[in-house]
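First comes the structure, then the notes that go with it.
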Amino acid sequence: MAQQGTQRIAAVNRAAAAEGVCPGLLLTDARALVPGLSLQPAAPAADARALAALADWCSRYSPWAAVDGADGVRLDVTGCGHLFGGEGAMLDDLLARLEDFGIDARATIADSLGAAWAVARYGGEVATVLPLDGAAAALAELPVAALRLSPAAAGGLQRLGLGRIGELPALPRAALAARFGREVADGLDRALGRAGEPLSPRPPATTFWSRLAFAEPIGELADITRAARRLTQQLCSLLAREERGARRLELRLYLVDGEVKHVRAGLNRPSRDEGHLMRLLAEHLPALEPGFGADLMLLTAPASEPLAVAQITLTGRELPADDGELGLLVDRLGNRLGMVNVARFAPHQSYLPERAVEVVPPLAPPSDTAWAAAARRPVYLLPHPEPIEAVAEVPDGPPVLFRWRGLAHRVRRSDGPERIAPEWWQRMRAEAAELAGETRDYYRIEDSLGRRFWLYRQGPYGPAPAPPPSWYLHGLFA
């Protein structure tokens with residue numbers, strides 16, 4: 001990387017570090033230490049994307065996975081070790097897979113994130129599993145920089161002759177706080193597990209998930225579908241015990257080449273119907289490209305809501321609610337077209353036609369507002385009134401000729417006017433007054449070819465100096 005007109009080393013591998021090359025070193029000095037040093041241009045953005053993808057892949061070991069700085073991934077593996085035959089076997093499996101991907105990594109399992117961070121970066125072992133309450137002994141000989149201190153605090157401790165973490169607990173905390181603030185004491189408490197440290201997983205973790213590992217990778221659609229159905233059954237059983245229903249589903253396929261494939265589905269209302277959830281997932285499975293196969297699948301419910309116990313039929317299926325069949329249809333349409341593209345119209349209290357209807361979710365409760373009489377309203381309302389050129393025999397009369405989109409229409413019959421005034425309570429708001437405009441006189445028009453239009457004149461005629469009112473086309477009759 002270039003810094004202040006000079007090139008410096010941004011990152012090194014283990015072989016370069018063994019030769020004395022370290023991040024921040026001038027490129028000329030690094031080449032002096034290792035004449036045949038192999039270099040690659042720094043790409044921080046690409047590195048961040050790759051690290052995020054690696055954190056997603058690491059969720060195969062725990063749903064609680066997050067990026068840690070610019071070069072690490074942290075996991076909360078509490079209760080996950082038994083899935084791999086113990087924490088040591090899980091760590092060996094993780095490092096072996098990373099080595100197959102060409103990633104040189106070190107990992108530590110400890111009872112605190114601070115201890116795991118310190119031992120992984122400053123300990124001598126590639127894989128370490130600390131026993132319970134063993135953090136103090138493991139940290140004693142590590143440098144104080146392993147507490148994730150600022151360079152000023154780490155340098156201040158070293159100038160005082162305090163180079164090891166094991167020398168800090170015996171010192172009075174008041175003296176440390178007086179000289180370094182709370183940074184040193186807080187770092188020590190986090191490393192020893194005395195203070196909690198939050199972990200924000202990506203994506204946000206959930207307590208409702210099911211996992212299925214395979215002895216051999218699977219890649220056939222039939223095998224993936226069969227595994228997804230089994231995961232769905234397990235997830236629905238878990239949701240039923242907690243009286244919850246899923247609102248979103250995410251199926252993850254962990255491929256043997258390190259890539260993670262996602263299948264997502266959303267629901268308008270919470271559900272734990274195995275058949276319905278499986279149908280939503282099955283629609284996306286054919287589009288997957290499993291490559292050389294997946295060796296693990298994970299199904300989660302990132303969003304869920306309370307769902308009371310429902311009546312069970314003799315076949316073991318829950319009876320749907322009153323709108324159950326409609327809800328199933330809406331969910332399938334929403335997952336095919338997008339949830340935002342499935343909606344319905346509801347009446348809205350407004351005299352202005354373009355504001356008399358609002359878009360609501362398809363399963364929203366019925367509105368208390370009744371639909372206005374539709375006899376004098378067109379079948380098709382334009383998204384926005386379009387200006388037209390109109391000629392009237394008398395100033396306040398209906399038009400006898402108008403031009404719309406370059407075509408002239410001669411009026412054969414007309415009906416009106418129907419006067420619609422803007423709501424006076426909305427005119428107090430400047431933006432609403434601009435939208436509402438002035439009083440409108442609507443006419444139903446039939447031209448010489450039998451086509452029917454709904455147009456209006458905006459504003460009354462005024463004295464000669466005043467500009468004439470404008471004409472607009474607003475809708476089309478069948």
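Bear in mind these aren't lab numbers, they're just calculated from the coordinates by the rules spelled out. Small disclaimer: the values here were computed from a predicted structure and weren't measured. FYI the Cβ positions are ideal-geometry reconstructions off the backbone, even for glycines, and counts take in every protein chain you see.
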For ARG230, put the label point 7 Å out on the Cα→Cβ axis and report which residues of the stretch 65-108 keep their amide N under 18 Å from it.
-> 83-85
Rounded FRET efficiency, nearest 0.05, which uses the C-beta distance separating ARG336 from SER38 and R0 of 45 Å = 0.35
Estimated distance in nm for a label pair at LEU449 and ALA343, the labels positioned 7 Å out from Cα along Cα-to-Cβ = 3.3
What is the distance, in nm, between label points placed 7 Å from the Cα along the Cα-to-Cβ direction at LEU221 and at GLN458?
-> 5.3
What is the local net charge at GLU386, summed over the other residues whose Cβ is closer than 13 Å to its Cβ (Lys, Arg +1; Asp, Glu -1)?
-> 0
Once the other residues with Cβ under 10 Å from the Cβ of ARG413 are scored (Lys, Arg +1; Asp, Glu -1), what is the net sum?
-> 0
Using a Förster distance of 35 Å, the FRET efficiency for THR6-ASP257 (Cβ separation, nearest 0.05) | 0.35
Cβ crowding within 10 Å averaged over residues, with 183-192, 389-398 ranked highest first = 183-192, 389-398
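Dividing the convex hull volume of the Cα atoms of the stretch 144-286 by its residue count, what figure in Å³ per residue is obtained?
On the way: hull volume 28.9 nm³, N = 143.
Convex hull of Cα atoms, per residue: 202 Å³.
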Highest average packing first - 267-279, 130-142, Cβ atoms within 10 Å = 267-279, 130-142
